[in-house]
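Student: Below you will find the structure I want to go over with you.
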Amino acid sequence: MANPSLPDDAVALRRPQGIKPSADAWRVSNCALSRLLAAHRRHLAPAVASARRIRRALAPLIAAMASLNRQTCRFCPEPCCIANTVWFDFRDLLCFHLLEYRLPAQQAATEPGEACPFLGGRGCRLPWHRRPWMCVKYICPTQLARLNRAGRPDPAALDGRIAAIENQRVQVETDVLVGIKPKNRTTPSSALAWPL
Ligand code: SF4
């Protein structure tokens, strides 16, 4: 459902699954989002603080996931960066904008069976903190089996970290919506089932 608090261009970011925006649409939509956030910047301090909390919470999670990937990915017969379709979602982009990260040049989504555009010869070319959240948190069946067998990194601790960041991502969206429409908006608008 369209979010009445966002301008048309930004709403256009929320696209049905499987449809990849053109480079132009991606750029235009991100510009619209950037303008919107800039116009309300003075009301967005809580959102920026929430995004910074996510950045801090990501550090130990990334360390654990990177270690897991080093143990498994190079032996994988079916790399998830080819087999799966992933995308930057709205909350990813909110965090990138609020933290003033360099934005991805394009959406990550591909057709099934096509390699992600960010996949290079030695794995993902994006730094961990600028990858789609769905990539960062993904634990494949091989990794899960390894985790359960070895107990390292601690699966319960990983779960807890991921759940905490999920909650903080909801908080970022809530803070943005409150910041751009203080009187009318108090809860997140969407379940974000659509990729950008
Ligand atoms: S963004 Fe990086 S980790 Fe995610 S699918 Fe693409 S190459 Fe893989």
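The values are calculated or read from the model by the stated rules, or taken from the named source; none is laboratory data. Source: prediction; values computed, not measured. Ideal geometry is used to build each Cβ from the backbone, glycine not excepted, and the neighbour counts take in all protein chains shown.
Student: Given the conditions (1) modelled with pLDDT of 90 or more; (2) at positive phi, report the number of the one that Pro46 does not fulfil.
Tutor: For Pro46, the exception is condition (2).
Student: Inside the range 118-131, can you point out the residues that are near the ligand (Cβ under 9 Å from one of its atoms), surrounded by fewer than 15 Cβ atoms within 10 Å (Cβ to Cβ) and not in a strand (DSSP E or B)?
Tutor: Arg125 - this is the single residue of the range 118-131 that is near the ligand (Cβ under 9 Å from one of its atoms), surrounded by fewer than 15 Cβ atoms within 10 Å (Cβ to Cβ) and not in a strand (DSSP E or B).
Student: To continue, here is another question. Limited to the range 132-165, what total is found for residues that are more than 16 Å from the ligand (Cβ to nearest atom) and outside any helix (DSSP H, G or I)?
Tutor: Counting residues in the range 132-165 that are more than 16 Å from the ligand (Cβ to nearest atom) and outside any helix (DSSP H, G or I) gives 4.
Student: Now for a separate question. Give Arg53, Arg91 a once-over and let me know the one that is touching a Leu at 6+ places or on another chain (Cβ under 8 Å), among the basic types (Lys, Arg) and modelled with pLDDT of 95 or more. Break it down stepwise before answering.
Tutor: Numbers: Arg53 fails: touching a Leu at 6+ places or on another chain (Cβ under 8 Å).
Criteria check complete, one pass: Arg91.
Student: Still on this structure, please answer the following. Residues in the range 84-100 that are buried (at least 20 other Cβ atoms within 10 Å of the Cβ) and near the ligand (Cβ under 8 Å from one of its atoms): how many?
Tutor: Adding up the residues that qualify gives 1.
Student: Which of (1) at pLDDT 95 or above; (2) more than 13 Å from the chain's Cα centre (by Cα) does Glu166 not meet, given it meets every other one?
Tutor: Just one mismatch for Glu166, condition (2).
Student: I've got another one for you. Just to be sure, is Ala64 of a type outside the set (Val, Ile, Thr) and more than 10 Å from the ligand (Cβ to nearest atom)?
Tutor: It is true that Ala64 is of a type outside the set (Val, Ile, Thr) and more than 10 Å from the ligand (Cβ to nearest atom).
Student: Which one of these does Arg35 not meet: (1) under 17 Å from the mean Cα position of the chain (by Cα); (2) more than 14 Å from the ligand (Cβ to nearest atom)?
Tutor: (1) is the only condition that Arg35 fails.
Student: Still on this structure, I have one more. Taking the condition charged (D, E, K, R) and crowded, with 17+ Cβ neighbours inside 10 Å, does Arg152 pass?
Tutor: No.
Student: Another question, then. Report, by residue number, each residue of the range 71-83 that is within 14 Å of the ligand (Cβ to nearest atom) and either more than 21 Å from Arg146 (Cβ to Cβ) or free of Cβ contacts under 8 Å to residues at least 24 places away in the same chain (or both).
Tutor: The answer is Arg74, Glu78.
Student: Here is a follow-up. Which condition number does Gly113 fail, the rest of (1) buried (at least 16 other Cβ atoms within 10 Å of the Cβ); (2) not in a helix (DSSP H, G or I) being met?
Tutor: Result: Gly113 fails condition (1) only.
Student: Run Arg130 past the list (1) without any contact (Cβ under 8 Å) to a residue 60 or more places away in the chain; (2) over 24 Å from Asp89 (Cβ atoms); (3) basic (Lys, Arg) and report the number of the one that doesn't hold.
Tutor: Among (1) without any contact (Cβ under 8 Å) to a residue 60 or more places away in the chain; (2) over 24 Å from Asp89 (Cβ atoms); (3) basic (Lys, Arg), the lone unmet condition for Arg130 is (2).
Student: Also: Quick one: Glu111 ticks every box in (1) modelled with pLDDT under 90; (2) more than 16 Å from the ligand (Cβ to nearest atom) bar one, so which box is it?
Tutor: Here Glu111 meets the rest and fails (2).
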